[in-house]
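Only one structure is covered here, and it is reproduced in the block below.
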Amino acid sequence: MKTLLVCAGGFSTTMMMESMKKIVKESKSLDEKDYPMEAIGVDKLDRYINDYDVILVGPQLSHKYDFIKGEADKINKPTVLLTSDIYGSMDGATVMKQALVAYRKNQASKTQ
């Protein structure tokens, strides 16, 4: 599951990405090579969106979420708008769970 984290400039999502990578690395059931991640600023979204399986959006972009979701929906990519609480605490475990749930729901909808 390739995960793209999007924020205003890419800086705070890099911190979140590192928290998520730590969770994957410490997991007994997840293999790091199966979970590549990248953090970008929203201005690069159009160049990267096709290459990822799930799009996570930082809360500072909530005002642009409908647009981002619309772009992702066009190519059948699930999106998650991260909450300020989870994002502010850099809770990589919860964000990883949200990404996995969104990805699995999207995959299940493709097989129906």
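The values are calculated or read from the model by the stated rules, or taken from the named source; none is laboratory data. Just so you know, these numbers come straight off a predicted model, no measurement behind them. Note that each Cβ is placed from the backbone with ideal geometry, even for glycine, and that neighbours are counted across all protein chains shown. When the accessible area is computed, the model is the full protein with side chains, heavy atoms only, and any ligands, DNA or RNA have been set aside. Shrake-Rupley method; radii C 1.70, N 1.55, O 1.52, S 1.80 Å.
Assuming 0.36 nm per residue, please report the length gained on full extension of the stretch Arg104 to Ala8 beyond their Cα-Cα distance.
Residue separation times 0.36 nm, minus the Cα-Cα distance, leaves 31.9 nm.
Would you mind classifying region 67-112 by shape? Square roots of the alpha carbon gyration tensor eigenvalues, ordered a ≥ b ≥ c; an a/c under 1.5 is rounded, otherwise it is prolate if a/b is larger than b/c and oblate if not.
Oblate, because a/c is 1.5 or more while a/b does not exceed b/c.
Grab the Cα-Cα distance for Ser84 and Asp43, subtract it from 0.36 nm times how many residues apart they are, and report the gain in nm with one decimal.
12.7 nm
7 Å from Cα along Cα→Cβ at both Ile75 and Glu26: what's the point-to-point distance in nm?
Roughly 3.3 nm, to one decimal.
With every protein chain kept in place and ligands, DNA and RNA left out, what is the accessible area per residue of the chain? Probe 1.4 Å, answer in Å².
Accessible surface, normalised per residue, equals 57 Å².
So, R0 is 25 Å and r is the distance between the beta-carbons of Met15 and Ala93; what FRET efficiency does that work out to, to 0.05?
That gives a FRET efficiency of 0.95.
Would you look at the GNM of the chain, springs on alpha carbons closer than 10 Å, and say which of Ser27, Ser62, Ser19 moves the most?
Checking each option, the largest mean-square fluctuation is seen for Ser27.
With all protein chains present, how much of the accessible area of the chain (probe radius 1.4 Å) comes from carbon and sulfur, to the nearest whole percent?
Solvent-exposed carbon and sulfur of the chain make up 51 percent of the total.
Can you bin region 34-93 into rounded, prolate or oblate? Criterion: square roots of the alpha carbon gyration tensor eigenvalues sorted a ≥ b ≥ c, rounded for a/c under 1.5, prolate for a/b above b/c, oblate for the rest.
Since a/c reaches 1.5 but b/c is at least a/b, the shape of region 34-93 is classed as oblate.
Tell me whether region 20-67 comes out rounded, prolate or oblate; compute the Cα gyration tensor, take square roots of the eigenvalues as a ≥ b ≥ c, and use a/c under 1.5 as the rounded threshold.
Note, shape of region 20-67 comes out prolate.
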